[in-house]
Amino acid sequence: YRVGTVVSGMIGAQTYAKIKSGGAFRHITFPFMTPTASLGLMGLTTGLTAYTGVFYVSRRPRKGETVVVTGAAGAVGSVAAQLAKATGARVVGVAGGPKKCQYLVEELKLDGAIDYKNSEKTLEEQITATCPDGIDFI
């Protein structure tokens with residue numbers, strides 16, 4: 001790469017680095033994000049994984065469809081849920097425990113939450129309640 005080219009790799013977050021040529025790859029930028037967001041929010045281990053899962057593993061979710069995101073309170077799942085929500089889809093998150101489910105609905109503004117640790121309601125009961133018209137995308 002030429003001097004001044006922005007690259008990514010396992011090199012730490014720094015302005016300048018001297019590395020061997022095989023230790024870096026061209027930095028991925030997204031048209032709707034700042035370069036720093038491309039490192040953090042949409043970085044390789046969280047955001048890019050979520051983005052790929054929502055937009056490339058299957059077809060893009062459509063407005064009004066129901067999307068279920070497992071691990072929705074975690075790093076990747078929380079980004080995936082918000083990306084799915086941005087498409088206009090109805091998004092239901094799966095997490096373990098009432099606090100995490102509360103976070104999904106109140107903070108992330110998901111349309112519903114399924115608590116896989118709930119001992120009072122089965123998963124089937126929770127899915128029926130949160131996804132009455134079925135699931136289009138998981």
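The values are calculated or read from the model by the stated rules, or taken from the named source; none is laboratory data. Quantities reported herein were computed from a predicted structural model and do not represent experimental measurements. Cβ: placed from backbone, ideal geometry, glycine included. Neighbour counts: every protein chain shown. Ligands, DNA and RNA are excluded from the accessible area calculation, which covers all protein heavy atoms including side chains. Shrake-Rupley method; radii C 1.70, N 1.55, O 1.52, S 1.80 Å.
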| Any idea which of 132, 16, 66 is furthest toward the positive side of the dipole for the chain, if Lys and Arg beta-carbons carry +1 and Asp and Glu beta-carbons -1? | 16
| field | Coil-residue chymotrypsin sites (Phe, Trp or Tyr not before Pro) of the stretch 31-138, DSSP, other Cβ within 10 Å capped at 15 | value | 32, 56, 116
| Surface per residue (accessible, 1.4 Å probe) for the chain, Å² | 66 Å²
| field | Karplus-derived HN-Hα couplings along the stretch 79-88 (A = 6.51, B = -1.76, C = 1.60, θ = phi - 60°), whole Hz, x at Gly and Pro | value | 6, 4, 4, 5, 5, 5, 4, 5, 7, x
| Once amide H atoms are placed 1.01 Å from N in the peptide plane, what residues at a sequence separation of 5 or more from residue 69, or on another chain, have their amide H within under 5 Å of its amide H? | 92, 93, 94
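From Cα pairs below 8 angstrom and at least 6 apart in sequence, can you work out the relative contact order of the chain, rounded to a whole percent?
Details: 199 pairs, mean separation 23.7, N = 138.
The value is 17 percent.
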| About the Cα centre of the chain, what is the dipole size in debye to 20, counting +1 per Lys and Arg Cβ and -1 per Asp and Glu Cβ, all else neutral? | 840 debye
| said: What are the ³J(HN,Hα) couplings of the stretch 118-128, residue after residue, when phi is run through the Karplus curve with 6.51, -1.76, 1.60 and θ = phi - 60°? Round to Hz, x for glycine and proline. | reply: 4, 9, 9, 10, 6, 4, 4, 5, 5, 5, 4
| Top of 24, 95, 86 by mean-square fluctuation, Gaussian network on the chain, Cα under 10 Å | 24
| message | Going through the cross-link list 63/99; 85/121; 18/109; 63/121; 63/100, which pairs have a Cα-Cα distance over 32 Å in this structure? | response | 18/109
| task | Go through 53, 102, 114 and say which Cα lies farthest out towards the positive end of the charge dipole of the chain; charges sit on Cβ, +1 for Lys and Arg, -1 for Asp and Glu. | result | 53
| request: Among 128, 49, 87, determine the one that fluctuates most according to a GNM of the chain built with springs between C-alpha atoms less than 10 Å apart. | output: 128
